[in-house]
Ligand SMILES: [Zn+2]
């Protein structure tokens, strides 16, 4: 372990570390009771007792939710707000500028304000389960660092539902299965930590302890809509336990007292991945881990969110850490926060056995090809996608390849693979990015939940501590510059090259089989330059590709292909038939309320990305994805490479 080395200005360090627990201990806590018993009707309720002094007071709800990278706290869904003091209702007025603030006047003699509020919840709930992210119900004094506001949470859930959370239950009771009608009380914390401590509740609930030899303790808490889904397959339990051991070996530290993977399996509650310091909120479809095909698209979910406990929660870019949830977060270093997590999450997915090494390579090919065929990179740098992150979350498919969206995830993955293979090459494979992670993410050794901000300069210094190199230039060139092509150096130095073949890879076919249940559509991106859904509606057109040159546009619907009514088979046949000859592919498309003809001049057949081994180079990719620990294998479903 190294000693603390901060590049942050001294004043920042005082702000972040000079104001810890003692202040909390002296102030009486806000008491908040969350009532989830109306979950099936999409309503959460809360009652809060807020310590106050007489006079003007401003209360606020969270706006910049950590991990979401955007200023969209749930204020628009907060309803039924009533403030009372001494049994009398108090008038309130919303701030005219900051719509998350409530102003009111506390009468003389009043020391506790009661607030009731409801939240309309449309995500992460179903008839059988709920995930409470506390920002849905939080209300606390404005203009105060949230770390300095003590709060004691309690929760009520429907009778018979189990509870999973990293919060510490107190006062006895029957956690994780509360008695009917009981309120489960948790130990006092602060508003920053409570926002970081979601609660999973569900009727079909299982808590699985993981890797008992590892300290601190880890649990996988699962709730599902169908009771059989919460009984996870042995292969998933083994992979998750392997993940705990692999992360322990990779990061050589922990920054939590306990860790809970919270997982929902539901077609209603939505797909989700939101990191927290001592837990993560993970959601997959109902059958998301039911068999290996379905697991592949979700293979990196738990490894990614778990990695964030180190990279993102413990170590956070200075601009992304603010003292409250009202100050805008700055995303310029998201290619580290998310991009390096994307890389490490995928590596850990392979090391832990959620996917095979071959599947890792197929998924890497998929991601690298997507980036390389992304014309928006001709005008926009990766850094710009990070700076603009808050306006690029879920922006829609239309011309997405020309705009780009949160490309800092996958671009970051390629850059960190580039760095990993470079370190291996410079050291004859004696060192790797793992050595850098043990410097950067393990500073200070084991800690409880803590946020330690970093700057670009500290990142570069730590890379240099792992292996001396001109890392600043390396990163600037790949992140800040306009690069018309994706960074494929890591793949090539890793012993492979990106190529295209006429058939989708085995992994791509497995994903298609899994997705067919959910109607995910067809991918002609690397051939005619179209992404379309099952009914022929065009989701996106590759800028400057063959379909773009034929003037096709997102939102149009293909009605006929070469004289036949549209079907996936008809389009596949037409692309194959046009290969190597002069005949164009003739389409009839519906554009709004009109019908057009379009002829696509394309003759190279179907093309799907794959990584091809280059025998003359070391196979670093397989070195990178090899487990560091002895993996646990599930008895029934051993994966073979
Ligand atoms: Zn992430």
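Values in this text are rule-based calculations from the coordinates and carry no lab data. It should be emphasised that the depicted structure is a prediction, and the values quoted were computed from it without experimental measurement. Cβ sites come from the backbone with ideal geometry, for glycine too, and all protein chains shown count toward neighbours.
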Next on the checklist: Under a crude label model (7 Å from the Cα following the beta-carbon direction), how far is residue 398 from residue 53 in nanometres?
Outcome noted: 5.3 nm
Checklist entry - Looking only at segment 122-152, which residues have a backbone nitrogen under 12 Å from a spot 7 Å from the Cα of residue 79 in the C-beta direction? => result 122
Item to check | the chain: calculated mean residue ellipticity at 222 nm from DSSP helix runs of at least 4, using -39500 (n - 2.57) | outcome: -7500 deg cm²/dmol
Checklist entry - Ranking 177, 208, 306 by Cβ neighbours within 10 Å, fewest first, what do you get? => result 177, 208, 306
Checklist entry - At a Förster distance of 30 Å, what's the computed FRET efficiency of residue 213 paired with residue 291, Cβ-Cβ distance as r, to 0.05? => result 0.55
Checklist outcome for this item: Between the Cα axis of helix 357-372 and the main Cα principal axis of the chain, the angle (0 to 90°, nearest 10) is 80 degrees
Checklist entry - Which peptide among 313-323, 352-362 comes first, and what is the full order, when sorted by highest mean count of other Cβ atoms within 10 Å? => result 352-362, 313-323
Next on the checklist: Output the 0 to 90 degree angle, nearest 10, between the alpha-carbon long axis of helix 234-251 and the longest principal axis computed from the alpha carbons of the chain.
Outcome noted: 80 degrees
Next on the checklist: With the cut-off at 1.5 for a/c, could you classify segment 391-447 from its C-alpha gyration tensor as rounded, prolate or oblate?
Outcome noted: oblate
Item to check | Helix 408-426 vs. the chain, principal-axis angle (Cα, 0 to 90°, nearest 10) | outcome: 70 degrees
Checklist entry - Stretch residue 591-residue 569 to full length: gain in nm at 0.36 nm per residue minus the Cα-Cα span? => result 5.7 nm
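Going by a ≥ b ≥ c, the root eigenvalues of the Cα gyration tensor, does the chain fall in the rounded group (a/c under 1.5), the prolate group (a/b larger than b/c) or the oblate group?
On the way: a/c = 1.71, a/b = 1.45, b/c = 1.18.
Verdict is prolate for the chain.
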Checklist entry - With each pseudo-label sitting 7 Å past Cα toward Cβ, what's the residue 599-residue 634 distance in nm, one decimal? => result 5.4 nm
Checklist outcome for this item: Simple SL model, points at 7 angstrom along Cα→Cβ for residue 231 and residue 122; separation in nm is 3.6 nm
